[in-house]
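Everything on this sheet refers to the single structure shown next.
Just so you know, all these numbers are worked out from the coordinates, no wet-lab data involved. Nothing here was measured: the structure is a model prediction, and the numbers come from that model. Virtual Cβ from ideal backbone geometry, glycine too; neighbours counted across all protein chains shown.
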Amino acid sequence: AKSSGRNMFRFYEPAMNERIMERRQLEIDMRHALRRREFRLDFQPRYEAAGQHLVGAEALVRWHHPTKGLLPPDSFIQLAEETGLIIELSDWVMQEACMNALTWGDTMMVSVNLSSVEFQRNDLVERVAAALKITGLSPERLELEITESVMLEDAAAALITMNQLKALGVRLSMDDFGTGYSSLSYLRTYPFDGIKIDRSFISGLDHSQSSEAIVHAIVSMGHALSLTVTAEGIETVTQLGKLTELACDQAQGFYLGRPIASEPFKRVVSEHQAQATH
Ligand code: C2E
Ligand code: CA
Ligand code: CA
Ligand code: CA
């Protein structure tokens, strides 16, 4: 077995070797990245669907890598999940997000994305509670965004964890709604407060009648279940108009505001608050 293990290397193409080396290097880099403060959060504003009233922001992590430059989450989250570093990273994300929300006045919400890996351990509730305690943010101002993969892994355990999270007072929303298999049945069983309609349905609103019918159905069903319905990935005024017509509750997307760094987002909040008092 040993010799065949050694021989295995002969089957690798040089390109594959390179990829493995690069991955390893990225993993090593990631182990130092938290301490070196290379991760940053961007905040994407979230509005009431008419697009006028700011209600909060979604925190989106970025890695300012010393040599590779700005890395988007899709390029390192999976590696963080595979290596377990996601836990430390997500602890930092939750605390940083809550700390930022404290500077936005008393009512703005902050949303944080959780990984399904975090549900596969038994310390998620403790970790969320710790982030709230350390920062002092009221739990009802923190929203946790969860994708369907969480329920697919271990449905029973996910339900228990989600009920415990609800008991802390945080909000739960189902992210990328409509892209999975059984999104609908999950809404009956799990204690969600909201759903985020996936961008693929929103981009269809410009030209496709069927997208409009689907979004209409999702909004009606969401409201029948007393859920807050958010549309994500709004890129055009047409899409925003249709969503307002369809009575979607909240809206997020490049048309309304791109994800931006902490300081500029604080300025967006203060400008908004100054306008609101006039
Ligand atoms: P997501 O949670 O579905 O986040 C929305 C993504 O769509 C973000 O990409 C955002 O920048 C992008 N987006 C927002 N509005 C628009 C729009 O109008 N048009 C288009 N084309 N895109 C838009 P981003 O920041 O690259 O994040 C990608 C994914 O990475 C997120 O998808 C989320 O699943 C994951 N992610 C981000 N931050 C975290 C984190 O702190 N923890 C975990 N576990 N995952 C994260
Ligand atoms: Ca999200
Ligand atoms: Ca999403
Ligand atoms: Ca996503």
Return the whole-Å distance between the Cα centroid of the stretch 38-109 and the Cα centroid of the stretch 142-208. 18
May I ask what percent, to the nearest 5, of DSSP beta bridges between residues of the chain are antiparallel? 45
Taking the convex hull of Cα positions in the stretch 40-123, its mean projected area over all directions (nm²): 6.9
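What is the Rg over Rh value, at two decimals, for the stretch 136-278, using alpha-carbon atoms and the Kirkwood definition of Rh? Walk me through the numbers before you get to the answer.
Details: Rg = 16.4 Å, Rh = 16.5 Å.
My calculation of the ratio gives 1.00.
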In Å, what Kirkwood hydrodynamic radius results for the stretch 201-258 from the alpha-carbon pair distances? 11.2
Over the chain, equivalent-ellipsoid semi-axes from the Cα gyration tensor in Å: 33, 23, 21
Would you list which aspartates and glutamates come within 18 Å of Lys133, measuring only between C-alpha atoms, while excluding same-chain residues fewer than 8 positions from it? Glu88, Asp91, Glu96, Asp106, Asp123, Glu143
Any idea what the relative contact order of the stretch 84-242 is, in percent, if you count C-alpha pairs under 8 Å spaced at least 6 apart? 17
Take peptides 106-113, 223-230 and line them up by average Cβ neighbours within 10 Å, highest first, as a rough protection proxy. 106-113, 223-230
